[in-house]
Amino acid sequence: MGPALLLGLLLSRAGDLMALPNRDCVMAEQLCLSDSTCNATYRTLENCALAKTRLLSLDHDSRVRCLNAELDLGNSSLLHCKCHRRMKRQEHCLRIFWTVHSTMTDGYLNLETSPYENSANEEHWKTDYNKLAALVSGSQLAGAATNPCLRATHICNLSKKCFRLRTDYASICTKGAASEDVCDRRKCHRGLRNFFEKVPEDFTKRILFCPCQDEFCGERRRKTIVPDCSFQYNTKPNCLWLLDSCLEDHICKSRLADFQQNCQPVDMSPDGCSLHNHAACLQAYMGMIGTPMTPNYVSNSSVEVSLWCTCENSGNQKEKCDQILGMFESNKCLENAIWSQMHLKQTTLERQEDLFYSSSLSFQGDSASTSLSSAMSQVAEGKTQRDSSKQSSMPMASSVFSGAVTSWPSLALFLPLLLSPH
């Protein structure tokens, strides 16, 4: 390859940097700011976004200037950038996205696309859920066999990250949860977002969407997010007010756009979803938890979910208000996604893990004589026992951890105690 041809190729590749479609918004912003033309266009869009944030009414010329600035970005990476759900600078990334797409939010429920990268393109976590589930299945933990929600909690307690982040939000959300003067809803929401973002979905889905046959189990499921603090107000606000609060927050607005995209119902679709992806819908639903538009189960005896708001006194915006509630209350896609998750059959891998680990245990009457295989010892000693001293000092929140036939002490992360008689 001649020098001239090589130079031409390099220059061509450098020009293509502005058109990389998968670049995240933080990197795309840095690249744009280094280019004088892109920089000027981006500053115009920042002013447009600022005006919207301050609820300033833009005249016709200003609106046209904002739209033209977005069009001027052409095929740049900034116009096509996305954010990742677990990235460190997520809020900054989302702010950049909505700065570039400020014209997308004119009017209610006009969020055309999700700022998040397609979940299918994100790296999937490798977890030890099946091994931990096998330990619980082979033990005599009270209620684990008959209460799926309690069983999911026991498994979470064996995971260092799941236990820590669940305990964190529980302790925050239950502090003064019965008194609106003390409960810090903002911190509670942040703790919930941390839990659902940072804990693998193998754990979070089973805790939030555990199938129940009685109200005792259903109450535990409903109280997963500590609704007295995270969900309910003394009086139900209007849903239009709830939406306004959401649109003023970059995270909530982004989660709502993601939810609208991935849980869009279609009547003619067999699964009820326009994108035919129940997993993406459930991920988007869990993303709404910990925002001003946090949804939850409406009762202990139902899997129906809703927002804590009303459409009374909505005036001539009653139809818009009903649309907001309908996103959760009458969403066939979301309903089918939740139902499918709750009725998942045990996978072949889980059955194999159960068989492998439980075969190493021998129970005699009410007392347990334990024969540990080398594989089980590796799981117990390499993870559970190593993390026990740190987790045993963490506070337990009664409103989230209540409902067990026998309490689940934090010190019970040692395998011998797991297998002790109750």
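The values are calculated or read from the model by the stated rules, or taken from the named source; none is laboratory data. Owing to the predicted nature of the structure, the values given are computational and were not obtained by experimental measurement. For neighbour counting, all protein chains shown are included, and Cβ atoms are generated from backbone atoms with ideal geometry for every residue, glycine included. Each accessible area value is taken on the protein alone, full model and side chains, heavy atoms only, with ligands, DNA and RNA left out. Shrake-Rupley method; radii C 1.70, N 1.55, O 1.52, S 1.80 Å.
Name every residue in segment 85-127 that is part of a helix (DSSP H, G or I) and either closer than 29 Å to residue 206 by Cα or at pLDDT below 85 (or both), in order of residue number. So that I can check it myself, show each step before the final result.
Initial filter on segment 85-127 (part of a helix (DSSP H, G or I)): 90-100, 102-105, 119-121.
Once the filter is applied, which keeps residues that are part of a helix (DSSP H, G or I) and either closer than 29 Å to residue 206 by Cα or at pLDDT below 85 (or both), segment 85-127 yields 90, 91, 94, 102, 103, 104, 105, 119, 120, 121.
Taking the conditions exactly as written (surrounded by fewer than 16 Cβ atoms within 10 Å (Cβ to Cβ), touching a helix residue (DSSP H, G or I) at 6+ places or on another chain (Cβ under 8 Å), of a type in the set (Asp, Glu) and over 19 Å from residue 309 (Cβ atoms)), does residue 184 satisfy them or not? So that I can check it myself, show each step before the final result.
Values: surrounded by fewer than 16 Cβ atoms within 10 Å (Cβ to Cβ): yes; touching a helix residue (DSSP H, G or I) at 6+ places or on another chain (Cβ under 8 Å): yes; of a type in the set (Asp, Glu): yes; over 19 Å from residue 309 (Cβ atoms): yes.
Yes, satisfied.
When residue 218 is tested against (1) open to solvent by 10 Å² or more (accessible area, probe 1.4 Å); (2) touching a residue at least 40 places away in the same chain (Cβ under 8 Å); (3) over 19 Å from the mean Cα position of the chain (by Cα), exactly one condition is not met: (1). Inspect all residues belonging to segment 224-234 and state whether any of them is part of a loop (DSSP other than H, G, I, E, B), open to solvent by 50 Å² or more (accessible area, probe 1.4 Å) and free of Cβ contacts under 8 Å to residues at least 12 places away in the same chain. No, there is no match, as no residue in segment 224-234 is part of a loop (DSSP other than H, G, I, E, B), open to solvent by 50 Å² or more (accessible area, probe 1.4 Å) and free of Cβ contacts under 8 Å to residues at least 12 places away in the same chain.
Of everything in segment 280-328, what is within 15 Å of residue 258 (Cα to Cα), of a type in the set (S, T, N, Q) and outside any loop (DSSP other than H, G, I, E, B)? Give them in sequence order. Once the filter is applied, which keeps residues that are within 15 Å of residue 258 (Cα to Cα), of a type in the set (S, T, N, Q) and outside any loop (DSSP other than H, G, I, E, B), segment 280-328 yields only 283.
Checking the structure you have, find out if any residue of segment 306-324 is under 29 Å from residue 241 (Cα atoms), aromatic (Phe, Trp, Tyr), buried (at least 16 other Cβ atoms within 10 Å of the Cβ) and in contact with a helix residue (DSSP H, G or I) (Cβ under 7 Å, 6 or more places away or on another chain). Quick ask: steps written out before the conclusion?
As a first pass, look at segment 306-324 and keep what is under 29 Å from residue 241 (Cα atoms): 306-324.
Of the ones still in play, those that are also aromatic (Phe, Trp, Tyr) are 308.
From what is left, the residues that are buried (at least 16 other Cβ atoms within 10 Å of the Cβ) are 308.
Going one step further and asking which of them are in contact with a helix residue (DSSP H, G or I) (Cβ under 7 Å, 6 or more places away or on another chain), we end up with none.
Within segment 306-324, not a single residue is under 29 Å from residue 241 (Cα atoms), aromatic (Phe, Trp, Tyr), buried (at least 16 other Cβ atoms within 10 Å of the Cβ) and in contact with a helix residue (DSSP H, G or I) (Cβ under 7 Å, 6 or more places away or on another chain).
Being crowded, with 23+ Cβ neighbours inside 10 Å and either modelled with pLDDT under 95 or under 24 Å from residue 341 (Cα atoms) (or both): is that true of residue 134 here? Considered against the rule, which asks whether it is crowded, with 23+ Cβ neighbours inside 10 Å and either modelled with pLDDT under 95 or under 24 Å from residue 341 (Cα atoms) (or both), residue 134 comes out as yes.
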